[in-house]
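Visitor: So that we are looking at the same thing, I have put the structure below in structure tokens.
The values are calculated or read from the model by the stated rules, or taken from the named source; none is laboratory data. Keep in mind that this is a model prediction, so the values were computed, not measured. Positions of Cβ are backbone-derived with ideal geometry, glycine not excepted, and every protein chain shown enters the neighbour counts.
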Amino acid sequence: MTITSEHYDELIKIRHYIHENPELSGQEFKTTQYLKDYLTDLGIQILETGLKTGLVAQIGSGQPVIALRADIDALPIVENTGLPFTSKNTGVMHACGHDLHQTSLLGAAKILKSREHEIDGTIKLIFQHAEESHIGADEVLATGVLADVSAIIGYHNMPTLPVGQIGIREKGIMAAVDQFYVTIKGVGSHAAYPQEGADSILATSAIIASLQQIVARNISPQHAVVVSVTHMTAGNTWNVLPDEAIFEGTIRTFDKDDRKLAKKRFYDIVENVSSAYGVHAEIDWILGPNVTYNDPELSEFLFNETRKWHDDVMVPEPSNAGEDFATYQEQIPGVFAFIGSNAIGSPGLHFSDMTVKDEMLPVAVDYYVNNAFALLERLAQK
Ligand SMILES: [Zn+2]
Ligand SMILES: [Zn+2]
């Protein structure tokens, strides 16, 4: 590890403080102030963006320009880790490890600032708000502050991978996310006289069962796609057939054509099964992030660069979770890596008992710092 033990101790304190004081997406006011104060104390320039939360800072100047990104928001989960630095903001928890992400980027910021004379170009540091609600990256891009950026990198900690293991793979590493919310409108009736109504529960059951044919019979078995109905509600007593039912859930894909096809088949199934059951369906479709698509050339370059300073580098399985880093990658070639933060078999991301280890921080700092220099050098040669 290239950070000093003193710096490491400082980062542990910072991470525990951030873990104790989590804030939800779009409400990261204290977190943003804390980050701003720390960076300003180091003499690092904070760029004017007009963002209410989150920030973009800058080290170095001139061309080329690259960006390092960490997200800063937490989740509406009651923490159940028993850690001595458990969330003081009950009901809000850093259950996705964004406390690690932002702490490691602060660590990288300190080192990069101390080596600013060696930086030939500009490094923008994105401390991004509202990743979990999937709007933060869009809002950062809309400020125009990244217009001159030629390459961007980020990572997600993985509590199910061993501490410090770095995973880099080309192309899709995290899934495209679609979300649906469906209202099935039937006609309510007495439970004993179903012929007088149109049963929303029976129709909804048939629809939900039929949706699994999208994966089983429409998508190529070689492609990864998930259709999950995660919530349904209908009725409130035993002897009345309700007039309405709702269900919601998500579809995850890695391929643009699969994404289109899954949506089309979803509409076909919901509308046609509804019509067969004499009910009416209203579908709300909410587009989540696109597939987190790692630029193939850049991935290969960073994989080889990372192996120069780190032993434990591998090609990971893609994750079916989504990540709004994908939004940057639609405009800027980028690489999103995984860095192990606990051990195989540990509770995964978004679990109330998920714990991640401070020991991954030095590796994450190196990932940012070493790859920032490597990227700038590569871009300068082009
Ligand atoms: Zn998350
Ligand atoms: Zn996350």
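Visitor: Identify, from the list G172, G154, the residue that is under 30 Å from I46 (Cβ atoms), touching a Phe, Trp or Tyr at 6+ places or on another chain (Cβ under 6 Å) and touching a residue at least 12 places away in the same chain (Cβ under 8 Å).
Guide: G154
Visitor: Still on this model: Anything in the stretch 361-375 that is surrounded by 23 or more Cβ atoms within 10 Å (Cβ to Cβ) and either touching an Asp or Glu at 6+ places or on another chain (Cβ under 8 Å) or more than 15 Å from G154 (Cα to Cα) (or both)? List them, or say none.
Guide: If the condition is that a residue be surrounded by 23 or more Cβ atoms within 10 Å (Cβ to Cβ) and either touching an Asp or Glu at 6+ places or on another chain (Cβ under 8 Å) or more than 15 Å from G154 (Cα to Cα) (or both), then N371 is the only one that fits.
Visitor: Next question. Test T355 against the stated conditions and say whether it is of a type in the set (S, T, Y), assigned by TED's automatic domain parsing to the domain that holds D71, touching an Asp or Glu at 6+ places or on another chain (Cβ under 8 Å) and within 16 Å of ligand 2 (Cβ to nearest atom). Steps first, please.
Guide: Details: of a type in the set (S, T, Y): yes; assigned by TED's automatic domain parsing to the domain that holds D71: yes; touching an Asp or Glu at 6+ places or on another chain (Cβ under 8 Å): no; within 16 Å of ligand 2 (Cβ to nearest atom): yes.
Spelling it out, it is not the case that T355 is of a type in the set (S, T, Y), assigned by TED's automatic domain parsing to the domain that holds D71, touching an Asp or Glu at 6+ places or on another chain (Cβ under 8 Å) and within 16 Å of ligand 2 (Cβ to nearest atom).
Visitor: Let me ask something else. Kindly provide the set of residues from the stretch 29-47 that are in contact (Cβ under 8 Å) with a residue 60 or more places away in the chain and under 21 Å from I119 (Cβ atoms), ordered by number.
Guide: So the first thing to find is which residues in the stretch 29-47 are in contact (Cβ under 8 Å) with a residue 60 or more places away in the chain, and the list is 31-32, 35, 38-39, 42-44, 47.
Those that are in contact (Cβ under 8 Å) with a residue 60 or more places away in the chain and under 21 Å from I119 (Cβ atoms): L35, Y38, L39, L42, G43, I44, L47.
Visitor: Something else about it: Within the group I339, I332, which residue is assigned by TED's automatic domain parsing to the domain that holds H16, within 16 Å of ligand 2 (Cβ to nearest atom), among the aliphatic types (A, V, I, L, M) and surrounded by 14 or more Cβ atoms within 10 Å (Cβ to Cβ)?
Guide: I339
Visitor: Then there is this: Which is without any contact (Cβ under 8 Å) to a residue 24 or more places away in the chain and more than 30 Å from V356 (Cα to Cα), of A147, A203?
Guide: A147
Visitor: Checking the structure you have, find out if any residue of the stretch 99-114 is part of a loop (DSSP other than H, G, I, E, B) and either under 21 Å from N371 (Cα atoms) or within 16 Å of ligand 2 (Cβ to nearest atom) (or both). Break it down into steps so the answer makes sense when it comes.
Guide: From the stretch 99-114, those part of a loop (DSSP other than H, G, I, E, B) are none; that's our starting set.
There is no residue in the stretch 99-114 that is part of a loop (DSSP other than H, G, I, E, B) and either under 21 Å from N371 (Cα atoms) or within 16 Å of ligand 2 (Cβ to nearest atom) (or both).
Visitor: Moving on to the next point. Considering only residues of the stretch 115-138 that are surrounded by 20 or more Cβ atoms within 10 Å (Cβ to Cβ) and not in a loop (DSSP other than H, G, I, E, B), which is farthest from ligand 1 (Cβ to nearest atom)?
Guide: Step by step, filter the stretch 115-138, then rank; the result is I123.
Visitor: Give me the residue from the stretch 312-329 that is in contact with a Phe, Trp or Tyr (Cβ under 6 Å, 6 or more places away or on another chain) and outside any loop (DSSP other than H, G, I, E, B) and, out of that set, farthest from ligand 2 (Cβ to nearest atom).
Guide: Among those residues, the one meeting the criterion is Q329.
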